[in-house]
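Accompanying notes for the structure given below.
Please treat every number below as a calculation from the coordinates, not as lab data. Just so you know, these numbers come straight off a predicted model, no measurement behind them. No Cβ is skipped: glycine too gets one built from the backbone with ideal geometry, and neighbour counts run over all protein chains shown.
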Amino acid sequence: MAKEYDASTEEFMGVPRKKIPWWPTIDYNKCTFCMECDKFCPHHVYEKRETEQRKLVVANPYNCVVFCRACAKACPEDALSFPDKREITKLIKEMRGV
């Protein structure tokens, strides 16, 4: 059985992962619910929710690997976006006191 990822104990570049706002945002105007992003991501960031409208949600944002954007490349509809890498790098450096 695979070990469940626990972002609460993880750090990235010396900063607790839970303090780094890096995860995908889904543009539901573009998303066709093809699930390619979910199939591609091994970190269980996404979750399918059966509601009135079929929906995919970012259920585990802190499972997303900081600076990874691979799922966005797998999305045929270009429905995923991420924060600006330069801004997140700047934020990490500020938190580290660099």
Over the Cα atoms of segment 22-96 the radius of gyration and the largest Cα-Cα distance (Dmax), both in Å, equal 13.1, 44
Rounded to the nearest 500, the 222 nm mean residue ellipticity computed for the chain from DSSP H runs (n ≥ 4, each -39500 (n - 2.57)) alone is -6000 deg cm²/dmol
Residue by residue through segment 34-43, the couplings from Karplus 6.51 cos²θ - 1.76 cosθ + 1.60 with θ = phi - 60°, in Hz, x for Gly and Pro, are 6, 6, 4, 5, 5, 5, 6, 7, x, 9
Extension length gain for LYS85 and TYR28 (0.36 nm per residue less Cα distance), in nm, is 18.3 nm
Between ASN60 and LYS48, the two model label points (7 Å from Cα along the beta-carbon direction) sit apart by a distance in nm of 1.7
If I fit a long axis through the Cα atoms of helix 85-96 and take the longest principal axis of the Cα atoms of the chain, what angle between them do I get, 0 to 90°, rounded to 10?
40
Which distance in nm do the two modelled labels at ASP78 and MET95 give, with both placed 7 Å along the Cα-to-Cβ direction?
3.0
